[in-house]
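Read-outs: derived from the displayed coordinates by stated rules, not from any lab. All figures in this text were calculated on a predicted structure; none of them were measured in a lab. Every residue, glycine among them, receives a Cβ derived from its backbone with ideal geometry; neighbour counts consider all protein chains shown.
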Amino acid sequence: MMLMGIDSSVPQASIALLKDGEILDQAEVGTNGTASNQVLFLIDKVLTSSGVNLQNLDGFCLTTGPGSFTGLRVGASILKGLLLATSKPFVKIDTLEALALKAVPTSNKICAILDARKKEVYTASFCGNGDILERLTPDRAITPIQLCQEIKEPTVFVGTGLDSYSSLLTTQLGGNFIPTQSKCADTLAACAARLAQNCFENKKITNLDELTIKYVRKSEAELKLKEKEFSKRGI
């Protein structure tokens, strides 16, 4: 089985090709240019370097959030184009679940954490066993302090949220905070592809209407619209 993994839910978007459990090639977005242009460039790059044609693929997988609202829309738009061009099936993979896979193997609980802005983090907790993850909590957007109040045991943290909140987590959690020491070379797209391979036959989708995004919280535009409505009502 050969799958293409696509992730644009985090700033360092990535593309990966997975064949029978082995990564054929993977690439990440650089720092210049727009995400949409770079993701398309990376798709072409990994296909060319691997000698693979889109029609050779058995399907695609996409990380569908939570994450950057703009990035998630970019990924969904690109995948729709690929699906229309190839008529291949796809699998939706939770971003935080793919992120948690970077921390395995570990005997500790895993906490995937992304900076959600507005002084919040996107987070979910898992137990890991090889490429199989058991979800312990739903995806949420909460404050780092709220997250710390829930951690009662040594927990491995993984994700870009550590760039902003590792000092706070260290102070609040002490020995219960374990930053990931994994040497995992897989991009987030590669982790998503590994998860998709395990569930492809049971969860593959062919209906484009089922390509939905998991935002977790409302967008800035939706929040401002709601504020205006409340203001008009005098609430």
Neighbourhood charge, 11 Å Cβ-Cβ cut-off, centred on ILE23 and excluding it, Lys, Arg +1 and Asp, Glu -1: -2
Loop trypsin sites (Lys or Arg not before Pro), the stretch 65-147 (other Cβ atoms within 10 Å of the site Cβ: 11 or fewer; DSSP): LYS118, LYS119
Gaussian network model of the chain, Cα within-10 Å springs - most flexible of VAL39, VAL156, VAL216: VAL216
FRET E, pair GLU150, SER87, Förster distance 30 Å, beta-carbon r, rounded to 0.05: 0.10
Length-normalised contact order for the chain - Cα pairs under 8 Å, 6+ apart - percent: 23
Stretch gain in nm, segment ASN108-SER50, where the contour uses 0.36 nm per residue and the Cα spacing is subtracted: 17.3 nm
Equivalent-ellipsoid semi-axes of the stretch 96-179, from the Cα gyration tensor, Å, largest first: 19, 14, 11
Long-range HN-HN contacts of ALA124 with modeled amide H, under 5 Å: ALA112
Lysine-lysine proximity count for the stretch 3-131, Cα under 21 Å, sequence distance 8 or more or distinct chains: 9
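Pulled fully out, how much extra length does the chain show between ASP209 and ILE142, if you take 0.36 nm times their separation in residues and subtract their Cα-Cα distance?
Result for the pair: 21.2 nm of gain on full extension.
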Most fluctuating residue given options GLU150, GLU28, GLU120, as computed from a GNM of the chain linking Cα atoms under 10 Å: GLU150
Ranked by how many other beta carbons lie within 10 Å on average, peptides 62-69, 179-186, 194-201 from highest: 62-69, 194-201, 179-186
The chain: calculated mean residue ellipticity at 222 nm from DSSP helix runs of at least 4, using -39500 (n - 2.57): -12000 deg cm²/dmol
Dipole magnitude of the chain about its Cα centre (Cβ charges: Lys, Arg +1; Asp, Glu -1), debye to nearest 20: 820
Local electrostatic count, SER68, Cβ distance below 11 Å [Lys/Arg +1, Asp/Glu -1]: 0
For the chain, built as a Gaussian network whose Cα springs stay under 10 Å, the top-fluctuating residue of LEU84, LEU99, LEU54: LEU84
